[in-house]
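Here the structure is laid out as structure tokens; the discussion comes afterwards.
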Amino acid sequence: DELLLEERDELFNVRITKTFDGRFLIVRSSSKESSEVHYLKLSHDSESDEEGRVVENQLTCIAKRRPKVLYRATHCQGYWLIQTNYGETPNLRLMACPVGNEGNGESWQNVLLDSEDGDNLPLFDGGDKCSLDGVTVFSPDSSIDGTKAPDSIPLAFGVATGREEGLPRIWIMEFNDSPLAVSKITRLDFDESACDVGLGPNRDPTLPYVVVSYDSLVTPPSNIAVPLANPVDLDVRRVLKQKEVPGYD
């Protein structure tokens, strides 16, 4: 066995996960006010240095820990989508950088929302208008997606969770050219204005839908499949599972 990382600060917890697409191992050290993320490419391909010697896989740090700076990383088509309060924002903002060119945070760029007038603004700027909790990336297989023609399927979809107007929200982002710019963003709305919604049990990033967990004062906890390419049409959403409530009609 080889020791890859040892956390010596007793104030930090270490969590090991895989990216949703299974391509990277993520090791996150975090405390209440600071975090540090390392990653390891999960590939059996061996690499060699300039002299032809095999180089063992090593953890790569996205950005060294800094006081009062929290961040998480999600892989998306060769980029890291960074959710962070970098810049002392009150909420998390959404930034991105290429894998392998993290620059210890110096190369991070705001993820922008494309607009027809060319006035592209940060999608989640970390302000008070809405808060960002996390992002999950889907790259549907066009051969199983019947909601759009294959040539119109975006590069990837990002499903963001957070809060807006005091309620939990889910947004679906479309990345057409690169994860640095979002071509379209849609907030999921429901018939009931007061509800609780979040991500449900999602296991496959190549599926054309996202499963959300939903409940309200009159709707039991439910898992609903929402097509990524057509999230606004309530008629095409499918209830996969709903909790049975005895005596409730």
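The values are calculated or read from the model by the stated rules, or taken from the named source; none is laboratory data. Just so it is clear, the model here is predicted, and its values are computed rather than measured. With ideal geometry, Cβ positions are generated from the backbone for all residues, glycine too; neighbour counts draw on all protein chains shown. All accessible areas refer to the heavy atoms of the entire protein, side chains included, with ligands and DNA or RNA removed. Shrake-Rupley method; radii C 1.70, N 1.55, O 1.52, S 1.80 Å.
Inverting the mean 1/r over all pairs of different Cα atoms, compute the Kirkwood radius of segment 160-201 and quote it in Å.
Over segment 160-201, the inverse of the mean reciprocal pair distance is 11.6 Å.
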If I compute volume of the Cα convex hull per residue in Å³ from the structure I just sent, which labelled value in [x] 174; [y] 193; [z] 116 lines up?
[y]
Whole-number accessible area per residue in Å² for segment 76-232, which is evaluated in the context of all protein chains at 1.4 Å
46
Lysine pairs, Cα distance under 27 Å, 8 or more residues apart or cross-chain: how many in the chain?
13
Under 5 Å between amide H atoms, partner at least 5 residues away or on a different chain: which partners does Ala156 have, H built in plane at 1.01 Å?
Phe175
Please report, in debye to the nearest 20, how large the charge dipole of segment 60-207 is about its Cα centre when each Lys and Arg carries +1 at its beta carbon and each Asp and Glu carries -1 there.
820
For the chain, which whole percent of the accessible surface, found with a 1.4 angstrom probe, sits on carbon and sulfur atoms?
47
Residue-ordered couplings for segment 206-219, obtained by feeding phi - 60° into the Karplus form 6.51 cos²θ - 1.76 cosθ + 1.60 and rounding to whole Hz (Gly and Pro as x), are 9, 6, x, 9, 10, 9, 10, 9, 9, 7, 8, 5, 10, 10
How large is the dipole of the chain about the Cα centre if only Lys and Arg carry +1 and Asp and Glu carry -1, each at its Cβ, rounded to the nearest 20 debye?
520
